[in-house]
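Heads up, the thing below is written out as structure tokens.
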Amino acid sequence: MTSLREVEAAAREGTLGDMVDALRSDPLSRWLAKALRVDLAAIVADPARTLQTVWARGYFTPALRGTLDRWREEHAGRPWARALRPPAFPLSGPLEEEYRGDFSGADAVSLTDETVTVVRGDSVTVVDRATGARRPSTAAAGPFWTVDFRTGFGQCRVVDLNSDAVLLDLQVNDEDRYEAVAVAEGGAVFAGGWCYDYDGVVVRIDDGAVRWRWEKAGAHVAGLSCTPDGARVLAFSRGRLFVLDGATGTVVHSGHVGAGVGAVDPAGTRLVTVGDSVARVWTLDRLGDAEGGLPGTGSGFAYAMWSPDGSRLLTGSALCEGTGGRLVAVLLMDGTGYLEGGPPPDARVVGDTEVVEFTPLRGMTMWDAVSGAPVAADPDRRYSLHRDRLWIAPDARSYLHADRDGGARLLRTRDGAELAAFGRMAEAAWSPDSSRFAAASDGVVRVHGADGAVEHDLGTVDDVTGLVFSCDGTVLVAGGKGTGLRLWDTGSGAPLGTATHTGRYPWRPSPDRLALLHGQHGFRARRHPFHARHEAGFMVIEPDDPALPVYRVACDEPLVPDPTGTRWASPTAHVALEPSP
């Protein structure tokens with residue numbers, strides 16, 4: 001069987017494509033060939049990360065585990081990020097190739113036997129499919145047809161993005177709202193968008209008349225394209241693709257592709273899609289086959305939430321082991337299908353022993369964090385975005401509730417018992433260990449114990465818009481509508497100094513703003529020794545010590561670290577840094 005070092009050498013020498021073509025002698029070799037083909041561009045760009053790249057997709061194909069375990073032994077001692085979660089697009093599915101880069105704002109994409117081409121405004125990126133190499137060039141002149149968003153419901157007005165020339169202006173009905181358009185060479189116009197409660201809609205218009213109209217519940221169409229002859233129409237909705245017959249509007253294929261722009265190749269057998277950070281090539285007639293990922297990650301409000309000790313991870317409604325990635329349970333959590341409103345921000349918390357969520361319809365639900373079993377519920381405690389503010393303790397055992405029309409209360413989560421009452425509360429924050437909280441109530445900032453008793457009166461601070469504790473709980477920061485931040489020692493209540501906020505908007509404790517505060521007056525934004533950024537389809541995780549290795553992890557969206565920085569996750573990815581820092 002092919003060794004890791006042989007693959008790395010072929011990638012460095014530019015012969016990996018030839019190696020892939022030769023790996024067809026037996027089923028195991030064919031699985032390895034597909035794994036290398038899908039991520040060939042990433043492997044050629046960075047041969048040192050071959051194990052990491054192939055493991056992320058191939059280890060969850062049982063036939064390849066023995067090979068990859070041997071590769072791991074070859075790789076011993078070298079740093080890498082080991083995938084703990086099945087990929088969203090497995091080797092057994094329709095995905096053929098993947099190319100990562102900065103494709104944000106892509107207007108169009110095309111596919112030939114030799115290249116993938118991404119159009120972004122006046123520029124074009126052309127990717128060589130055989131080698132993964134790419135070259136920028138100048139885009140051809142339009143026209144680039146778009147929908148005029150200034151129109152009313154039911155009106156389809158199609159204009160050229162560059163010249164404002166009008167191709168079509170038709171009142172189709174009174175309920176559709178069109179957001180995307182595709183025009184076939186013969187003049188057929190396809191318009192897509194939504195109607196009613198964001199149900200998806202696509203219409204075909206020929207010579208000023210509607211030929212057909214397709215509607216799909218809950219499938220708001222945000223992207224649309226068609227083959228040059230109009231035989232196939234691609235309707236993109238929340239990462240899912242519906243391929244429609246251009247003549248009749250019936251669905252021919254459908255499947256999850258995680259993108260909003262795409263096109264079919266001239267032969268009509270392959271599909272190329274592009275998102276903000278990745279372009280993918282698919283076998284068109286296999287869309288919907290062998291969809292992967294972890295169950296539950298596509299539902300619920302949780303992006304990637306870690307318990308304070310890092311033992312549990314919640315993404316969507318999937319509760320997992322934080323260290324090993326095993327799925328513990330899919331929790332019956334609130335969905336995101338609100339036409340407007342929804343739950344308050346931060347209406348769910350993953351504690352070490354309990355998981356809790358508050359919703360406008362079901363009220364409070366609590367689960368055991370170890371087993372995922374439901375342990376408590378209270379339908380009377382219903383909170384909503386427009387009426388309530390919530391600050392739940394990290395251990396999930398108590399929380400602060402502020403009614404927009406009245407005062408605030410400290411409540412026990414499990415049974416709703418009131419522990420303390422306060423005046424009007426503008427902002428609040430819990431310490432990481434849940435032993436105390438800070439609140440700006442009636443214009444005064446105070447530190448309270450977990451029972452609500454006042455520990456320190458820090459004085460008046462005008463127009464507080466954000467409070468946050470340092471990661472070790474020793475420093476409190478308050479910011480407001482002005483440019484100054486104030487910091488205190490939480491143990492003594494003594495002021496530590498001030499810091500400057502230079503943003504245009506009132507200060508809030510976002511990750512970017514906390515990173516700017518890291519190290520000032522003893523404030524620490526994170527316990528782990530890393531800083532990270534998401535760029536061109538990769539999470540770049542850099543140690544604070546420049547002498548230590550940098551980790552680059554392929555991911556469609558940013559990863560969130562656990563408290564120690566040894567595990568990172570998003571709804572579609574979960575990795576462990578090895579050797580453990």
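The values are calculated or read from the model by the stated rules, or taken from the named source; none is laboratory data. The model shown is predicted, which means the values in this text are computed figures rather than measured ones. Quick reminder, even Gly has a Cβ in these numbers, built from the backbone with ideal geometry, and neighbours come from all protein chains shown. Surface areas here come from the heavy atoms of the whole protein model, side chains and all, with no ligands, DNA or RNA. Shrake-Rupley method; radii C 1.70, N 1.55, O 1.52, S 1.80 Å.
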Exercise for the section: Mind listing the long-range amide H neighbours of residue 253? Cut-off is under 5 Å, sequence gap 5 or more, other chains count too, H placed in the peptide plane at 1.01 Å from N. Expected result: 243
Problem - Label assignment, percent of Cα pairs over 44 Å apart derived from the structure, set (i) 29; (ii) 56; (iii) 22 - result: (i)
Problem - Karplus-derived HN-Hα couplings along region 360-367 (A = 6.51, B = -1.76, C = 1.60, θ = phi - 60°), whole Hz, x at Gly and Pro - result: x, 9, 9, x, 8, 10, 10, 10
Exercise for the section: Would you mind getting me the FRET efficiency between residue 455 and residue 46? Use the beta-carbon distance for r and R0 = 45 Å, nearest 0.05. Expected result: 0.30
Completion exercise
Note to self, the chain gives a 222 nm [θ] from helices alone (DSSP H runs n ≥ 4, -39500 (n - 2.57) apiece, / all residues, nearest 500) of -3000 deg cm²/dmol
Fill in the blank from the handout: Of 311-323, 40-52, 401-413, ordering from highest average Cβ density within 10 Å down gives 311-323, 40-52, 401-413
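Take the Cβ-Cβ distance between residue 104 and residue 504 as r, set R0 to 30 Å, and report the resulting FRET efficiency rounded to the nearest 0.05. Write out the running numbers ahead of the final one.
Numbers: r = 22 Å, r/R0 = 0.74.
With R0 = 30 Å, the Cβ-Cβ based efficiency is 0.85.
Grab the other residues whose beta carbon is less than 15 angstrom from that of residue 148, score K and R as +1, D and E as -1, and report the net. Let's see the in-between values first.
On the way: positive: 150, 157, 177; negative: 160, 164, 169, 176, 179.
Around residue 148, the charge tally is -2.
What net charge is computed for the residues neighbouring residue 228, neighbours being all others with C-beta under 14 Å from the C-beta of residue 228, Lys and Arg scored +1, Asp and Glu -1?
Values: positive: 232; negative: 185, 229, 265.
Spelling it out: positives minus negatives among the neighbours equals -2.
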Completion exercise
Sequence order, region 533-543: Karplus ³J(HN,Hα) from phi using 6.51 cos²θ - 1.76 cosθ + 1.60, θ = phi - 60°, Hz rounded, Gly and Pro as x, gives 8, 9, 8, 6, x, 10, 9, 9, 9, 10, x
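With an 8 Å cut-off on Cα pairs and a minimum separation of 6 or more residues, tell me the relative contact order of region 319-442 in percent.
17 percent
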Fill in the blank from the handout: Dividing the alpha-carbon radius of gyration of region 475-551 by 2.2 N^0.38 Å, where N counts its residues, gives 1.30
Problem - region 245-298 - accessible surface per residue (Å², probe 1.4 Å) - result: 37 Å²
Exercise for the section: Run a plain Debye calculation on region 1-118 (Cα atoms as equal point scatterers, no solvent) and give log10 I(q)/I(0) at q = 0.09, 0.14 Å⁻¹, rounded to two decimals, same order as the q list. Expected result: -0.25, -0.60
Problem - Neighbourhood net charge (12 Å Cβ-Cβ; Lys/Arg +1, Asp/Glu -1) for residue 539 - result: -1
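Per the 1.4 Å probe, what fraction of the accessible area of the chain, in percent, lies on carbon and sulfur atoms?
Carbon with sulfur: 51 percent of the solvent-accessible area.
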Handout entry: R0 of 25 Å, Cβ-Cβ distance residue 424-residue 380: FRET efficiency to nearest 0.05
Key = 0.60
Practice task
Using only Cα atoms, locate the centre of region 27-104 and the centre of region 173-208, then give the distance between them in Å, rounded to an integer.
Solution key: 40 Å
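Accessible area per residue, 1.4 Å probe, Å², for region 54-185: what's the number?
Working: 6170 Å² over 132 residues.
Here the residues of region 54-185 average 47 Å² of exposed surface.
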Practice task
Write down the accessible area per residue of region 447-511 in Å², having rolled a 1.4 Å probe over the full set of protein chains.
Solution key: 48 Å²
Handout entry: Kirkwood Rh in Å, taken over all unlike Cα pairs in region 108-240
Key = 15.8 Å
Fill in the blank from the handout: Mean separation of Cα contacts under 8 Å (at least 6 apart) over the residue count of the chain, i.e. the relative contact order in percent, is 9 percent
Problem - For region 150-309, alpha-carbon Rg over 2.2 N^0.38 Å - result: 1.12
